[in-house]
Structure formats: C-alpha cells, structure tokens
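Working notes, structure below.
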Amino acid sequence: MSGHDVLALTTDVLIVGGGMAACWAATAAARAGARVVLVDKGFVGTSGVTATGGPNHWWVPPDPAKRAQAVEDRLARAFDLAERDWMARIIDETWRALPELAGYYPFDSDGRGGTFYSGVRGPEYMRALRRFAADLGVSILDHHPALELLVDHDGVVVGAAGHARLDDRLWAIQASSVVLATGGCAFRSGLIGSHGNTGDGLLMAAEAGAALSGMEFSVSYSLSPAWNSTRTLPYFAARFFDQEGRELDVPPPMSGEAAHLKALATAMIEGPVLADLSDAPALLKQLLRRIQPASMPPFERRGVDLFENRFPIRLFGEGTVRGTGGLQIVDEKCRTSVEGLYAAGDAATRELIAGATSGGGAQNAAWALTSGRIAGQAAARAASQRKSRATARGRPVGGAGLRPAADARPIDLSPVIPAVQASTIDFDGALWRSEAKLSSAKARLDLLWRDIADHAYATGIARIALREQAAMVAAARWVCASALARTESRGMHMRTDKPGLDPALGARLLTGGLDNVWTRLETDIVSQRIEAVA
C-alpha cells in the first residue's frame with residue numbers, strides 16, 4: 001500500500017457503504033464531532049435497495065401503551081429471538097430522528113394538519129441523506145469500493161483499503177473506528193437495487209475475526225412482474241391465476257410467510273402464474289407512483305396496465321437483504337465481535353428486533369436508520385478516546401481473491417452464481433431445506449471456496465468483481481452451515497426433515513470462519529464467558 005498511485009487518507013471514523021444505514025451513521029458521527037469519510041462502491045444517494053423504493057418506518061407515537069403493544073405484537077412473531085429493549089429503542093430513536101431531515105426532505109402532510117414522517121420516497125430520501133451528510137462535513141468518496149479491512153498488531157480494526165473505480169488506483173484509509181454498512185447479500189438474484197449487495201462487508205469482517213448471526217434466516221422473496229424486479233406494495237391487493245385462467249388458492253401474505261411463499265413457488269414450478277390487480281383499492285392506484293415510483297415504468301414500457309391486465313409474475317430472492325442474518329452485534333453500541341468495528345443496517349443481524357421472521361419493510365427501515373445512528377455515534381466517541389489508532393499503520397487482512405493461499409492461476413468462475421443461488425434462493429434449496437440438500441450444497445460451495453482462496457487472483461479494477469464472487473460464496477457457506485446446524489423449523493428457516501420447533505434451539509446461532517466454517521449457539525458463548533469469569 002505504498003507509492004504515489006495510492007490514495008492515502010486518515011480520519012476519525014470510516015463508514016463503508018452508501019445506503020440508508022451508512023448515511024445515518026455518517027451524519028451521527030459527524031454531529032458527534034468526528035472527522036468522517038464515507039466510501040461506497042456506487043454513488044451515495046442512488047446505490048442500494050432504499051433508493052429504488054418507498055420505505056415506510058416503524059412509526060409509533062410516544063404513548064407507553066401503544067409502544068408496549070407494538071413491541072409485544074412483533075415479539076409474538078419473532079420466535080423467541082428478538083429483544084424487547086432493542087425494539088423499544090428502535091421505535092423511540094426513529095420517532096426522534098426522522099424529523100431532523102425536514103430541512104432536506106419534503107415530508108408530506110398527514111391530512112390532519114400535521115406532517116407524515118414515516119413513509120418516504122426512496123430516491124428523494126437518499127438524495128436528502130447525502131446532502132445532510134455533506135453539509136455536516138462528511139467526505140464522500142463515490143465509486144470507491146472497499147476490498148479489505150486493516151488491523152493493527154493487536155487485531156484492532158484501524159481502517160480499510162480498496163480500489164477507486166474511476167481513477168483506477170488503490171486507496172487506503174486509516175481510521176480510529178470503522179462502521180460497516182455495506183448491506184446484505186442478494187446473491188445476484190436480480191432484486192431491484194441489489195446488484196451491489198454481494199456480502200462484501202460480511203467477508204471483510206470475517207477475515208478480521210468477526211462472527212455472524214442468524215444466517216439461516218435468509219429465505220425471503222420479492223414479488224414482481226416476471227420480466228423486471230420492482231417493488232412489492234401492489235401485490236397485497238392481487239389475486240393469482242394459472243395459465244388456463246383458474247384462480248389459485250394462495251394464502252394472503254399476512255397469513256404467514258411460509259404458506260404464502262410456498263403456495264406461489266409451488267404454482268410457479270408447475271407453470272406461469274399471473275397476477276390480477278383489477279380489484280385493487282382506488283387509493284393504491286392513486287398513490288402507487290408517488291410512494292414507489294420504480295413500480296410503474298416496467299409496465300409502461302411493455303404497454304401493460306398494472307391495474308387492468310393480468311401479467312406473469314416471479315419471485316426474486318432477497319437473501320439476507322430482507323432476511324435477518326448479518327454480523328453479530330455484541331452490545332448496545334452496535335459493536336461487532338472485533339474491536340474497532342461496528343455494523344449497521346443489513347450488514348448487521350436484525351434478529352434483535354425481528355427474530356426469525358423478516359424485518360422487511362417498516363421494521364427494517366427503522367433498524368437501518370437507528371443502527372446507523374447508534375453505530376456512528378458510538379464510533380465517534382470511541383475514536384475520540386483512541387486517536388493513536390488512526391495513525392497506526394494497519395495490516396491488510398483480505399484473503400480470497402486478493403492473496404492466493406497457493407499458486408495464482410486462472411480459475412473457472414462460471415459455477416459460482418448457480419452454486420450460491422441453488423443453496424440460498426432457488427425454491428427447492430431454500431423453501432424445502434433438508435440435511436441431504438444442505439450437505440450436498442455445502443460440499444459444492446466448499447470446493448468453490450477452496451479454488452478461489454487458493455488460486456484466484458486479479459489486478460486493477462478486476463479485483464472488485466473477483467472479491468464479490470468470493471464474498472457471495474462465503475455468505476452462502478455461512479447460510480448453509482447455519483441451516484444445517486439449526487435442526488428444526490423456526491420462522492423463515494424451514495426444514496422438511498425437521499418440521500417442528502425445538503425449544504432447546506431457542507437462541508441465536510452464530511457462525512464464522514473462512515477455510516473452516518463453524519457454528520455454535522450464542523447461549524454456549526455466554527455460558528463459556530460466565531464459566532471463565534467464575
């Protein structure tokens with residue numbers, strides 16, 4: 001990392017990512033008095049899944065009874081893996097935070113003389129967050145994907161390094177604290193806004209020794225027209241038909257994720273499924289373009305009337321983007337299990353507020369906002385106490401795709417996408433899991449990982465795509481390992497060979513490791529710590 005062609009910077013807090021969580025983290029850190037640099041693989045304000053949608057936030061007025069009820073309602077669907085205190089904290093922080101954006105975002109009226117804060121239009125929301133961060137002095141580096149973390153001699157994270165796309169040169173940024181807000185992993189399913197969500201942050205953190213949690217809870221899908229991923233709001237009002245015009249018996253989404261998804265998937269395996277929104281409420285027809293502007297253009301380009309014509313649909317896998325798995329959060333400051341490293345948004349586990357069922361929608365948006373603010377503020381406070389870390393020369397810890405463990409040579413990467421998708425988003429491997437299927441997928445993914453880790457190598461800008469391939473394989477291996485270890489069916493994790501709920505497994509499941517992937521229940525870790533202290 002030396003030479004005149006390397007962009008070398010030093011800062012207090014480095015934010016890696018460019019979506020909602022990253023921007024809220026950057027603003028919180030800057031307001032806490034830290035020098036902040038934000039790096040993103042895309043353009044901050046347009047990259048990520050928020051920029052294409054119309055996110056609603058978990059919005060509950062500060063009435064103790066209403067908030068307590070909101071927590072209990074969600075806790076009942078969390079399968080014993082969420083925490084009341086975290087939920088209450090998310091609700092309160094979201095209520096206080098969104099109005100702070102009023103100077104940058106044109107919030108609508110609530111129709112009763114007040115302001116409607118909870119629902120926002122993704123494109124404008126992200127542009128507002130970018131301006132908010134810039135006005136607070138955050139240095140934003142677009143098209144600067146991070147490739148690896150830097151650690152000091154004690155294993156403390158002290159920065160990151162990557163490649164500037166437009167300048168085609170390396171960069172290295174030393175920082176006292178680092179926040180990973182790189183999003184989840186959608187395994188290149190075609191989900192709108194998710195092309196860059198390849199699990200990069202998960203891989204980088206694991207290389208530094210971080211643990212992950214809840215990776216088995218990754219079975220989530222977005223319903224869209226078959227030819228183009230859009231947003232999901234309209235389909236709550238849809239009826240479904242087969243190719244011959246027979247109406248299908250599909251349970252409504254709120255009847256339970258498994259029943260709804262499995263019914264649609266089963267029908268799609270048998271043949272094309274058509275959606276019919278002719279009975280949709282008039283209010284939806286009036287508001288859809290305003291709430292989710294990305295939903296209409298694909299229909300208009302095809303000459304299809306969304307609310308009059310039947311059209312073929314498809315389920316786009318969302319992986320951990322609307323699953324709940326991600327980096328383990330070890331305390332109330334959104335720290336990971338590695339010193340100096342924080343996580344926010346979809347890069348972190350959302351089990352704390354969603355448990356074993358998807359936190360997609362309002363809950364996920366509230367989590368991205370709040371975890372970003374918590375992590376950013378905590379990172380800034382820690383940075384003020386450990387300024388010397390920012391000047392310590394960090395050692396890069398990136399492996400697969402950067403530093404081959406054996407001889408560097410060309411390898412065939414064409415099997416990567418089919419292999420990771422087969423075990424994470426393909427219907428048979430995800431909705432109908434079993435030990436036999438998961439073991440077979442694990443063996444295939446282990447071989448791919450070994451090949452990439454031992455031999456894959458690229459130079460220049462090609463390293464970015466290679467690291468994305470490595471990250472997707474790593475994420476799929478953690479998903480498989482966790483799904484194998486959780487020998488029950490709980491929430492969105494469904495095993496055909498273990499259909500019941502096992503009370504002994506009512507705890508979060510951790511995973512990690514690279515060459516050798518490990519899993520263990522979080523309760524085992526806590527017990528070991530208690531025994532060590534005793």
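The values are calculated or read from the model by the stated rules, or taken from the named source; none is laboratory data. Model, not experiment: these values are computed from the prediction. With ideal geometry, Cβ positions are generated from the backbone for all residues, glycine too; neighbour counts draw on all protein chains shown.
Looking only at the range 162-174, how many residues end up being over 21 Å from GLY326 (Cβ atoms) and buried (at least 24 other Cβ atoms within 10 Å of the Cβ)? Outline the logic, then answer.
If we filter the range 162-174 for residues that are over 21 Å from GLY326 (Cβ atoms), which is where we start, we get 163-174.
Filter once more, keeping what is buried (at least 24 other Cβ atoms within 10 Å of the Cβ): 173.
Matching residues across the range 162-174 total 1.
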- Message: Please pick out the residue among SER295, SER384 that is more than 20 Å from TRP58 (Cα to Cα), of a type in the set (S, T, N, Q) and in a helix (DSSP H, G or I).
- Response: SER384
- Could you list all residues from the range 104-124 that are assigned to a loop (DSSP other than H, G, I, E, B), under 18 Å from PRO293 (Cβ atoms) and among the charged types (D, E, K, R)? ARG121
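Here are some residues: GLU332, GLU351. Which one is within 15 Å of TRP86 (Cβ to Cβ), touching a helix residue (DSSP H, G or I) at 6+ places or on another chain (Cβ under 9 Å) and not hydroxyl-bearing (Ser, Thr, Tyr)? Full working, then the answer.
On the way: GLU351 fails: touching a helix residue (DSSP H, G or I) at 6+ places or on another chain (Cβ under 9 Å).
The conditions single out GLU332.
Can you pull out every residue in the range 272-306 that is crowded, with 17+ Cβ neighbours inside 10 Å, of a type outside the set (S, T, N, Q) and in contact (Cβ under 8 Å) with a residue 60 or more places away in the chain?
From the range 272-306, those crowded, with 17+ Cβ neighbours inside 10 Å are 273-277, 280, 288, 291-295, 298-299, 306; that's our starting set.
Still in the running and of a type outside the set (S, T, N, Q): 273-277, 280, 288, 291, 293-294, 298-299, 306.
If the condition is that a residue be crowded, with 17+ Cβ neighbours inside 10 Å, of a type outside the set (S, T, N, Q) and in contact (Cβ under 8 Å) with a residue 60 or more places away in the chain, then ILE291, PRO293, ALA294, PRO298, PHE299, LEU306 are the ones that fit.
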- Task: Examine the range 7-17 for a residue that is surrounded by 17 or more Cβ atoms within 10 Å (Cβ to Cβ) and part of a helix (DSSP H, G or I), and state whether such a residue exists.
- Result: no
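May I ask you to list the residues in the range 197-244 that are part of a loop (DSSP other than H, G, I, E, B) and aromatic (Phe, Trp, Tyr)?
Here is the first cut: in the range 197-244, the residues part of a loop (DSSP other than H, G, I, E, B) are 197, 199, 208-211, 214-220, 226-232, 238, 243-244.
Within the range 197-244, PHE217, TRP227 qualify.
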- Task: Could you tell me whether VAL178 is under 27 Å from PHE43 (Cβ atoms) and in contact (Cβ under 8 Å) with a residue 60 or more places away in the chain?
- Result: yes
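Please find, within the range 243-271, the residue that is surrounded by the fewest Cβ atoms within 10 Å (Cβ to Cβ) out of those that are among the small types (Gly, Ala, Ser) and within 19 Å of LEU431 (Cα to Cα). So that I can check it myself, show each step before the final result.
Of all residues in the range 243-271, those among the small types (Gly, Ala, Ser) come to 245, 255-256, 258-259, 263, 265, 267, 271.
Of the ones still in play, those that are also within 19 Å of LEU431 (Cα to Cα) are 255-256, 258-259, 263, 265, 267, 271.
On the way: SER255: 11, GLY256: 13, ALA258: 17, ALA259: 13, ALA263: 17, ALA265: 19, ALA267: 18, GLY271: 9.
Only one residue tops the list, namely GLY271.
Checking the conditions here, which among ALA206, ALA211, ALA226 is closer than 26 Å to SER423 by Cβ and surrounded by fewer than 17 Cβ atoms within 10 Å (Cβ to Cβ)?
Details: ALA206 fails: surrounded by fewer than 17 Cβ atoms within 10 Å (Cβ to Cβ); ALA211 fails: surrounded by fewer than 17 Cβ atoms within 10 Å (Cβ to Cβ).
Unique residue meeting the criteria: ALA226.
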- Query: Can we say GLY359 is in contact with a helix residue (DSSP H, G or I) (Cβ under 7 Å, 6 or more places away or on another chain) and more than 30 Å from ALA453 (Cα to Cα)?
  - Reply: yes
- Query: Which condition number does GLY245 fail, the rest of (1) free of Cβ contacts under 8 Å to residues at least 24 places away in the same chain; (2) under 23 Å from GLU300 (Cα atoms) being met?
  - Reply: (2)
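Say we look at the range 494-504 and pick out the residues that are touching an Asp or Glu at 6+ places or on another chain (Cβ under 9 Å) and either surrounded by 16 or more Cβ atoms within 10 Å (Cβ to Cβ) or polar (S, T, N, Q) (or both); which of these is farthest from GLN328 (Cα to Cα)?
Start the filter on the range 494-504 by keeping residues that are touching an Asp or Glu at 6+ places or on another chain (Cβ under 9 Å), which leaves 495, 497-504.
Restricting the remaining residues to those that are either surrounded by 16 or more Cβ atoms within 10 Å (Cβ to Cβ) or polar (S, T, N, Q) (or both) gives 495, 498.
Working: ARG495: 24, LYS498: 26 Å.
For the range 494-504, the residue satisfying everything is LYS498.
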- Query: Out of the range 151-166, which residues are out of contact with any Pro (no Cβ under 6 Å at 6 or more places or on another chain) and under 19 Å from ALA210 (Cβ atoms)?
  - Reply: VAL151, ASP152, HIS153, ASP154, GLY155, VAL156, VAL157, VAL158, GLY159, ALA160
- Have a look at ALA507, ALA485, ALA471 and point out the one that is touching a residue at least 24 places away in the same chain (Cβ under 8 Å) and surrounded by 21 or more Cβ atoms within 10 Å (Cβ to Cβ). ALA471
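Can you give me the ranges of the helices (runs of 4 or more DSSP H) entirely in the range 393-501 with at least 2 residues that are in contact with a strand residue (DSSP E or B) (Cβ under 6 Å, 6 or more places away or on another chain)?
Values: elements: 416-424, 427-430, 435-455, 462-485.
In the range 393-501, 462-485 are the helices (runs of 4 or more DSSP H) which contain 2 or more residues that are in contact with a strand residue (DSSP E or B) (Cβ under 6 Å, 6 or more places away or on another chain).
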- Filter the range 372-410 down to residues that are modelled with pLDDT of 95 or more and of a type in the set (Val, Ile, Thr) and give me whichever is surrounded by the fewest Cβ atoms within 10 Å (Cβ to Cβ). VAL397
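Can we say GLY376 is in contact with a strand residue (DSSP E or B) (Cβ under 7 Å, 6 or more places away or on another chain) and part of a helix (DSSP H, G or I)?
On the way: in contact with a strand residue (DSSP E or B) (Cβ under 7 Å, 6 or more places away or on another chain): yes; part of a helix (DSSP H, G or I): yes.
Judged against the criteria, GLY376 is a match.
Filtering the range 335-354 down to residues that are aliphatic (A, V, I, L, M) and over 17 Å from ARG77 (Cα atoms), which residue is nearest to the chain's Cα centre (by Cα)?
Residue satisfying both the conditions and the ranking: ALA347.
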- Query: In this structure, does ALA282 turn out to be at pLDDT below 95 and within 30 Å of ARG495 (Cβ to Cβ)?
  - Reply: no
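Can you tell me which residues in the range 245-285 are within 20 Å of PRO312 (Cβ to Cβ), hydroxyl-bearing (Ser, Thr, Tyr) and in a helix (DSSP H, G or I)?
First, the residues of the range 245-285 that are within 20 Å of PRO312 (Cβ to Cβ): 245-250, 253, 260-280.
Retained after the next criterion (residues that are hydroxyl-bearing (Ser, Thr, Tyr)): 266, 278.
Hit for the range 245-285 is THR266, nothing else.
Can you tell me which of ILE91, ILE140 is among the β-branched types (Val, Ile, Thr) and either in a strand (DSSP E or B) or surrounded by fewer than 23 Cβ atoms within 10 Å (Cβ to Cβ) (or both)?
After ruling out the rest, the residue left standing is ILE140.
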- Task: Kindly indicate which of GLU83, GLU100 is touching a helix residue (DSSP H, G or I) at 6+ places or on another chain (Cβ under 6 Å) and surrounded by fewer than 17 Cβ atoms within 10 Å (Cβ to Cβ).
- Result: GLU83
- Query: So is GLY319 surrounded by 21 or more Cβ atoms within 10 Å (Cβ to Cβ), part of a loop (DSSP other than H, G, I, E, B) and touching a strand residue (DSSP E or B) at 6+ places or on another chain (Cβ under 7 Å) or not?
  - Reply: yes
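Considering only the range 36-90, state which residues are acidic (Asp, Glu) and under 27 Å from CYS23 (Cα atoms).
The initial filter retains those residues of the range 36-90 that are acidic (Asp, Glu), namely 40, 63, 72-73, 80, 83, 85.
Selection gives ASP40, GLU83, ASP85.
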